[in-house]
Structure formats: C-alpha cells, structure tokens
1. Within the stretch 11-27, does at least one residue satisfy the condition of being more than 16 Å from ligand 2 (Cβ to nearest atom), surrounded by fewer than 21 Cβ atoms within 10 Å (Cβ to Cβ) and at pLDDT 85 or above?
2. Counting only residues that are more than 18 Å from Leu497 (Cα to Cα) and charged (D, E, K, R), which one in the stretch 87-109 is farthest from ligand 1 (Cβ to nearest atom)?
3. How about the stretch 343-356: which of its residues are among the acidic types (Asp, Glu) and open to solvent by less than 20 Å² (accessible area, probe 1.4 Å)?
4. Among the candidates Ala333, Ala408, Ala412, Ala393, which residue alone is over 28 Å from the mean Cα position of the chain (by Cα) and either within 30 Å of Gly206 (Cβ to Cβ) or not charged (D, E, K, R) (or both)?
5. Which of (1) modelled with pLDDT of 95 or more; (2) more than 16 Å from ligand 2 (Cβ to nearest atom) is the odd one out, the single condition Ile514 does not satisfy?
6. I need the full set of residues from the stretch 51-92 which are within 13 Å of ligand 2 (Cβ to nearest atom) and among the β-branched types (Val, Ile, Thr), in order please.
7. Looking at Ser109, Ser98, can you tell me which residue is more than 16 Å from ligand 2 (Cβ to nearest atom) and of a type in the set (Ser, Thr, Tyr)?
8. Please specify each residue of the stretch 441-466 satisfying the condition of being over 29 Å from the mean Cα position of the chain (by Cα) and open to solvent by less than 50 Å² (accessible area, probe 1.4 Å).
Amino acid sequence: MMTGQQPIIVLKEGTKRERGKGAQSNNIMAARAISDAVKSTLGPKGMDKMLVDSMGDVVVTNDGATILKEIDVEHPAAKMIVEVAKSQDEECGDGTTSAVVLTGELLKSAGELLDQNIHPTVICGGYKLAATKAKEILGKLAIDIKPGDKKTLRNIAMTSMASKSASQEKDILADVVVDAVTRVAEKHGSKTVVDLDNIQIQKKQGGGIGNTEIITGIILDKERVHEGMPREIKKAKIALVNAALEVKKTEVDARIQINDPTQLQAFLDEEEGMIKKMVEKVKKSGANVLVCQKGIDDIAQHFLAKAGIYSVRRAKKSDMEKLSKATGAKVVANLDDLSASDLGHAGNIEERKIGDDKMTFVTDCKNPKAVSILIRGTTEHVIDELERGLHDALSVVKVALEDGKMTAGGGAAAIAISMGLRDYAPSVGGREQMAIEAFANAIEIIPKTLSENAGLDPIDMMLEIRSAHKKGKKYAGINVNAGQVDDMFKNNVIEPLRVSMQEIEASSEAATMILRIDDVIASKGGGGAPAGMPPGGMPPGMGGMGDMGY
Ligand SMILES: Nc1ncnc2c1ncn2[C@@H]1O[C@H](COP(=O)(O)OP(=O)(O)O)[C@@H](O)[C@H]1O
Ligand SMILES: [Mg+2]
C-alpha cells in the first residue's frame with residue numbers, strides 16, 4: 001500500500017531538466033561539436049570558413065575567435081566554449097582555435113573516463129594536477145628572447161600569420177608589425193609595456209596586401225571639406241572641436257513671416273554673420289587645421305577655405321581621441337572656449353589619394369609613439385581577414401616583447417607536455433593517474449590536427465614526433481610545409497610562452513567547469529533546453545558549418 005506521498009513540485013511548469021550522466025554527456029557533446037567546427041582551420045594548412053549571417057553578409061575567415069563570434073550558439077555548454085575563445089583572445093590575441101580544440105579533446109577524454117564509472121570530481125582533480133604540471137613543463141621549455149632581438153619577434157609574427165590568408169605577404173607584414181609594436185613599447189621600470197590602442201588601424205580598398213604600410217602618425221579616412229583649402233600644411237596647429245559649425249536648427253517647427261525682400265536679405269546676413277563669427281574663433285586661436293567631430297556647413301567651409309584652414313568634418317570619436325593623444329590637442333566642445341593652449345601640433349598634415357579615396361595623413365606628431373597601419377587589399381573580405389591576421393600578429397609580438405619568453409610551435413610544446421605528464425602520472429597514482437594520462441592524450445590533439453589538416457598521416461607523424469622527443473629533441477614538431485618532423489626553432493616556428501600557458505589554463509578550466517555540471521535546469525524559453533534538443537545542440541543556422549560528426 002502506498003503511503004501516498006505527493007511529489008513536491010518546485011520548478012515552474014515548462015522548465016526542462018536533465019540530470020546525472022545524461023546532462024554530462026549532452027554537455028560534452030555540445031562542447032565537442034563546437035570544437036569540431038573550428039578544428040579544420042587549425043594551423044597553416046587549415047581551411048577557411050565562410051559564414052553567412054541572417055542579413056546575408058559574408059565573412060570568410062580562418063580565425064577561431066571570429067568564427068565563434070559570428071555563429072549563434074544556443075546550447076549553454078557550447079556557449080561556455082565560446083567563452084574560452086574569448087578569454088584566450090583577450091589574454092593573448094592568438095591561440096583561440098587551439099584553446100577551443102583542446103577543451104573539446106579534454107572533454108572527449110573525460111567522457112571515456114566517465115564511461116568507466118570514474119567520478120567527475122576525480123577527473124577534475126586529475127586535470128587540475130595535470131594543468132599545473134603542464135605549465136611547469138612549459139616554463140622549463142621556454143627560451144628567453146633577447147632584448148632588441150627583432151629577428152625573433154619577426155618570426156613570432158610570421159608564425160601567427162602563417163595560418164591566415166595574409167601568409168603570402170607575411171614578410172612585409174611582419175616588418176610592419178614588429179616596427180609598430182616596438183615603436184609604441186614603453187619602459188615602466190624594468191618592465192616593458194605595450195598598449196596596442198596606440199596603434200591605429202585604417203583600411204582602404206585598392207592596391208595589394210603588399211602596399212600595406214606603417215605611418216608614424218594618424219590617418220583620417222576623410223578629405224578636406226573644400227577644394228579651396230591648402231592640400232598640405234607644415235607645422236600644423238590643430239584644433240579638435242566637438243561642435244557643429246552650422247546655424248542651429250530649432251527642435252520645433254518654427255515659421256518666420258517675411259513680408260519684403262530686404263527682410264529676407266537681413267535674415268540671411270544674420271545667419272552668415274553667425275557662421276563667420278564661428279570661423280573667426282577658430283582663426284583667432286591660431287589654428288591652421290580644424291578637425292570637427294560634427295558638421296561644417298557650406299558657408300563655414302567657404303570662410304574656412306578663405307582663412308586657409310585645412311578642415312575635416314564628422315571625424316570619428318575614436319579618431320578624435322587618437323589625434324588628441326598624438327598631437328597633444330584638447331577636444332573642445334564649445335567654440336567660445338577654444339584657445340591657443342588647446343591646439344595640438346604635428347609637423348605635417350596632408351591629403352593623399354589612396355585608391356579611389358582621399359585620406360588625411362597627420363605625421364611627425366608631437367608624440368612619437370603615434371603609429372598607424374594602413375591596410376590595403378583588393379577586396380573588403382581580403383582586407384578584413386588581413387586585419388584579423390594583423391590583430392593576432394600585433395598581439396603575439398606585444399606579448400613576446402612584454403614577457404621575453406618563447407616556446408616552439410607546430411605541436412612541439414604539446415608533445416613535450418604530453419610526455420612529461422605520462423612520466424609524472426604514476427607518481428600520483430590511483431584514479432587521478434588515469435585522468436592525468438587522459439590529459440596527456442588530449443593535448444596530442446594539437447600536433448595530430450596540424451598533421452591531419454596538412455594532409456599528413458597523423459598516426460605516422462605521431463610515432464615520428466614521439467620518437468624524436470624520446471631522443472631528446474625537445475623542440476621537434478610538425479613541419480607542415482615539408483611534411484615531416486623537424487626542429488621548430490630551426491624552422492622559425494615560434495610562439496610567445498604566454499599563448500601556450502593561456503591555452504592550458506583556459507581549456508582546463510572550461511573543461512572542469514563543464515564536467516562538474518550534473519544538473520541542467522533550463523527555464524522555458526531560456527536558451528538550450530537539454531531535453532529534446534538535437535544531439536550536439538546546434539541551432540539550425542550552424543548546418544552550413546559542415547559536418548559536425550554527430
Ligand atoms: N610553419 C608551421 N609549421 C607547423 N605548425 C605551425 C606553423 N606555423 C604555425 N603553426 C602552428 O599552427 C597553430 C596555430 O594555428 P592557428 O590556425 O593560428 O590557430 P590558433 O587560433 O590556435 O592560433 C599553432 O600550433 C602553431 O604552432
Ligand atoms: Mg593563430
């Protein structure tokens with residue numbers, strides 16, 4: 001006989017819940033679907049993805065962070081993987097695909113342990129020990145970058161661009177990148193600090209990638225507003241104004257009754273007088289260049305031209321800030337406040353024709369740390385992908401310069417870690433040993449995938465690379481161009497230590513976080529509901545990403 005205990009309902013109707021093994025395997029599958037989606041882009045021989053958004057806009061990229069930013073992910077665990085890419089991007093600007101692929105593989109290995117009834121807490125404990133050991137091994141493997149060693153920085157830039165479409169022109173681009181980063185680097189005591197915000201990136205369609213150049217100054221994607229203004233000004237005194245040089249239009253509809261023509265003339269004269277006064281204020285300050293964040297109307301343009309003031313209108317806020325930093329000018333919001341002390345200084349301002357457009361070049365600035373890169377390329381897609389490649393390269397060079405440490409790429413560090421962990425695991429023993437060994441297997445996914453993407457046989461390559469490491473060749477990695485195992489330092493495939501460290505950190509944290517979840521409670525309409533979801537939890541929009549393998 002039932003004692004008749006009523007079930008207590010604590011969750012709102014429509015809430016979906018999945019617990020225990022079901023929740024775990026579902027989360028693991030979703031996370032792996034994401035990592036499989038970006039896997040084929042890893043490395044110099046990786047493929048590109050074409051992403052089409054709901055508006056039909058197309059992005060062609062090889063950049064893991066960009067792919068994950070562009071696709072709509074619904075499953076909560078999948079979203080956590082997207083976060084891995086984001087944090088990797090924020091910390092180092094490179095290594096995003098590796099971090100995501102590694103997270104997926106850590107979860108796959110963990111899944112196999114779960115199937116053998118090993119408790120998630122034990123796996124997480126083992127993974128934590130493994131991650132700590134891995135970082136220790138990496139630290140020992142790292143080599144110092146000598147101060148002023150531009151050749152090494154250049155190789156680091158080249159390695160990060162190897163996998164981007166820019167790879168054919170990477171010689172020129174690497175020089176641009178190293179030049180830009182070393183110029184803006186600052187010494188704070190014994191520390192070197194690089195603020196990449198000091199490097200302005202401007203894009204202009206036309207010309208080849210090879211026409212990309214570094215400008216020591218600021219570039220405005222603006223022409224002078226009037227043909228009558230000088231095209232070039234030496235010893236520029238620059239006013240930055242965030243106010244319109246126009247007669248204010250009233251908010252309400254006002255109507256003026258004009259009864260005779262003289263009244264009309266008087267009205268127009270009044271308007272002209274007001275504008276003239278505004279221009280007078282600019283002139284009085286001593287400025288010979290005006291960069292206005294708002295509009296400059298026709299009459300004002302005429303007077304400014306007459307005064308010989310090079311003027312630009314509707315400048316972007318970010319460019320105003322960069323100009324202020326570069327020239328020492330203060331942005332003035334009210335023309336009445338403009339005085340000589342607000343002006344900035346630059347040796348030269350010039351309008352130049354780039355492609356089909358005219359741009360304003362502000363060079364020889366008061367602050368020598370103002371640096372811009374003008375990206376050129378035949379199409380918008382090429383330029384955008386180039387910009388992503390440059391972002392990665394600038395970031396790695398920054399990180400390398402700040403930390404002064406590097407490791408070997410091409411999977412060399414991964415193999416060293418994997419072998420080191422296998423040696424270390426027995427000293428821990430028990431079931432955690434199994435988790436550490438699982439970690440050791442998982443990290444081999446990097447050289448395996450690099451081989452696979454290069455059309456090499458991953459099994460052969462893994463045998464070869466392991467045997468090289470056993471012989472003490474600790475920098476042996478996959479030379480994807482030659483299709484063989486080589487010393488990566490000798491091949492100049494080098495990365496900043498911080499990138500590899502962060503990959504380990506981000507992926508092990510995300511994997512353990514996902515493993516600890518044994519209960520997914522999703523409120524109605526609240527994102528990826530676990531039950532009834534397609535395996536892997538991909539929204540229909542991801543169908544175009546290719547076969548996810550689920
Ligand atoms: N010439 C090369 N030979 C072998 N591996 C390379 C070479 N150049 C770069 N790599 C490797 O490619 C990987 C990076 O690929 P990438 O597609 O940029 O992904 P991520 O987003 O992780 O940076 C790193 O493991 C790096 O060591
Ligand atoms: Mg990269």
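1. Yes, because at least one residue in the stretch 11-27 is more than 16 Å from ligand 2 (Cβ to nearest atom), surrounded by fewer than 21 Cβ atoms within 10 Å (Cβ to Cβ) and at pLDDT 85 or above.
2. Selected residue: Lys108.
3. Narrowing the stretch 343-356 to residues among the acidic types (Asp, Glu): 350-351, 356.
Once the filter is applied, which keeps residues that are among the acidic types (Asp, Glu) and open to solvent by less than 20 Å² (accessible area, probe 1.4 Å), the stretch 343-356 yields only Glu351.
4. Working: Ala408 fails: over 28 Å from the mean Cα position of the chain (by Cα); Ala412 fails: over 28 Å from the mean Cα position of the chain (by Cα); Ala393 fails: over 28 Å from the mean Cα position of the chain (by Cα).
Just a single option satisfies the conditions, and that option is Ala333.
5. Evaluating Ile514 over (1) modelled with pLDDT of 95 or more; (2) more than 16 Å from ligand 2 (Cβ to nearest atom) leaves (1) as the failure.
6. First, the residues of the stretch 51-92 that are within 13 Å of ligand 2 (Cβ to nearest atom): 61-67, 85, 88-89, 92.
Answer for the stretch 51-92, where residues must be within 13 Å of ligand 2 (Cβ to nearest atom) and among the β-branched types (Val, Ile, Thr): Thr61, Thr66, Ile67.
7. On the way: Ser98 fails: more than 16 Å from ligand 2 (Cβ to nearest atom).
Result: Ser109 is the single residue among Ser109, Ser98 that is more than 16 Å from ligand 2 (Cβ to nearest atom) and of a type in the set (Ser, Thr, Tyr).
8. Answer for the stretch 441-466, where residues must be over 29 Å from the mean Cα position of the chain (by Cα) and open to solvent by less than 50 Å² (accessible area, probe 1.4 Å): Leu456, Pro458, Met461, Met462, Ile465.
The values are calculated or read from the model by the stated rules, or taken from the named source; none is laboratory data. Just so we're clear, the structure is a prediction, and the values are computed from it rather than from any experiment. Every residue, glycine as well, gets a Cβ built from its backbone with ideal geometry; the counts of neighbours run over all protein chains shown. When the accessible area is computed, the model is the full protein with side chains, heavy atoms only, and any ligands, DNA or RNA have been set aside. Shrake-Rupley method; radii C 1.70, N 1.55, O 1.52, S 1.80 Å.
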